[in-house]
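Visitor: The following block contains the structure, expressed as structure tokens.
The values are calculated or read from the model by the stated rules, or taken from the named source; none is laboratory data. It should be emphasised that the depicted structure is a prediction, and the values quoted were computed from it without experimental measurement. Every residue, glycine as well, gets a Cβ built from its backbone with ideal geometry; the counts of neighbours run over all protein chains shown. When the accessible area is computed, the model is the full protein with side chains, heavy atoms only, and any ligands, DNA or RNA have been set aside. Shrake-Rupley method; radii C 1.70, N 1.55, O 1.52, S 1.80 Å.
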Amino acid sequence: MANFLVWVVWLGAAFGCLVSALAVVSFRNPFYSALALIGNLASLAVLFLLLSGEFVAAGQVLVYGGAVMVMFLFVIAYLGDKSEESPWSGGPSWLIVGAVLAGGAILAEVIVVVSLKAGNFLSSPQPVTRSFGSPAALGRLFLTDHLLAFEVTSIVLLVAAVGGVVLGSHARQGEDPTEVHART
Amino acid sequence: MRGPDIQWYVILSAILFSVGALGVMLRRSPLIILLSVEIMLNSANLLLIAFSRLHGREDGQIFAISVMAVAASEVVVGLGMIVAMGRRNVELDVDKLRTLRG
């Protein structure tokens, strides 16, 4: 019975993931696309929970669903209505056909490889303890085995923050493009 | 482990990745392209966490958290550039952006 319930939750989350991803790609208005991405992130957080990644699921909702998406929606609202008349890319039609073929090739490769080679291997996960994926376990790993990744991540975030400030301040000066050249 | 095997997560992640890749390749608006890149990064995250569960080690989750930090940085820089474009009244269309010169 519990197994059946897990399957139901998984199917719901996977369906939500796929539908919202397709909605992100196909909506004309970027505002609706960003709202659909919030649904995508939330259903991915459910899948992370099923894989016993509690801390990552919470981080997904907080960082992505909260911070990043608020920033996206704010920028889209700031730029105003950017609904497109022809949202799909221009160029000759063979370019579009090539893009669809390339996307399908990734999909087909992964599915063929999974079904041919790794079927048995993938259906026997290692047993885990109750503390798997808890904040305490992840924090211990971050400060012991993966200390370098932790520090590098903080530098990346710092550089990104500086970059955001620089880009924003340049744009503020540049309301008249000739003025920027005169000043710099 | 109850519920579906890891291979179903792998297949779902492949589908999500190709949907995101199609969005990057087929759309004009840089905003939608950024959103599609987020979908691709998240499908990679799903795969990392699925394999972390398969092997019973948390290293994949550590990697996933690092990927989230990188994605947040990427969004900051990308949105900064889009806002700069919007303030200069450049049309938001990647087909028409051919030079980087301000």
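Visitor: Below 8 Å, C-alpha to C-alpha, sequence gap of six or more: please give me the relative contact order for segment A:1-82 in percent. Can you show the working numbers first?
Guide: Details: 65 pairs, mean separation 23.7, N = 82.
Rounded, it is 29 percent for segment A:1-82.
Visitor: Tell me, what is the 1.4 Å probe accessible area of residue B:40, in Å² to the nearest 10?
Guide: For residue B:40, solvent-accessible area is about 40 Å².
Visitor: Roughly how big is segment B:6-87's charge dipole about its Cα centre, with Cβ charges of +1 (Lys, Arg) and -1 (Asp, Glu), in debye to the nearest 20?
Guide: Details: 5 positive and 4 negative charges, 50 e Å.
It works out to roughly 240 debye.
Visitor: Let me ask something additional. For residue A:95, put the label point 7 Å out on the Cα→Cβ axis and report which residues of segment B:84-98 keep their amide N under 13 Å from it.
Guide: The answer is B:93-98.
Visitor: How high is the relative contact order of segment B:13-89, in percent, with contacts defined as C-alpha pairs under 8 Å that are six or more residues apart? Each step should come with its number before you reach the end.
Guide: Details: 54 pairs, mean separation 20.8, N = 77.
Relative CO of segment B:13-89 lands at 27 percent.
Visitor: Return the value, in Å² to the nearest 100, of accessible area buried between chains B and A (probe 1.4 Å, both sides summed). Walk me through the intermediate numbers first.
Guide: Working: alone 7690 and 14390 Å², together 14760 Å².
By this definition, chains B and A bury close to 7300 Å².
Visitor: Check which residues have an amide H placed less than 5 Å from residue B:27's amide H, if you skip close sequence neighbours.
Guide: Under 5 Å from the amide H of residue B:27 lie the amide H atoms of A:89, each far enough along the sequence or on another chain.
Visitor: Here is a further query. From the mean inverse distance of alpha carbon pairs (Kirkwood) and the Cα radius of gyration, derive Rg over Rh for segment A:1-113.
Guide: Working: Rg = 17.2 Å, Rh = 16.4 Å.
Result for segment A:1-113 is an Rg/Rh of 1.05.
Visitor: Kindly sort B:91, B:38 by accessible area of their heavy atoms, largest first, with the probe set to 1.4 Å.
Guide: Details: B:91 105, B:38 0 Å².
So the residues, ranked largest to smallest area, are B:91, B:38.
Visitor: Given a cut-off of 20 Å, what percent of all Cα-Cα pairs of chain B lie beyond it? Could you put the intermediate results ahead of the total?
Guide: Details: 2563 of 5151 pairs.
Pairs farther apart than 20 Å: 50 percent.
Visitor: Something else: Using the Kirkwood radius built from alpha carbon pairs, what does the Stokes-Einstein equation give as D for the protein assembly as shown at 4 °C and 1.567 mPa s, in µm² per second?
Guide: On the way: Rh = 20.3 Å.
Once the numbers are plugged in, D ends up at 64 µm²/s.
Visitor: How far is the Cα center of segment A:5-72 from the Cα center of segment B:28-102, in Å?
Guide: A separation of 15 Å, based on Cα centres.
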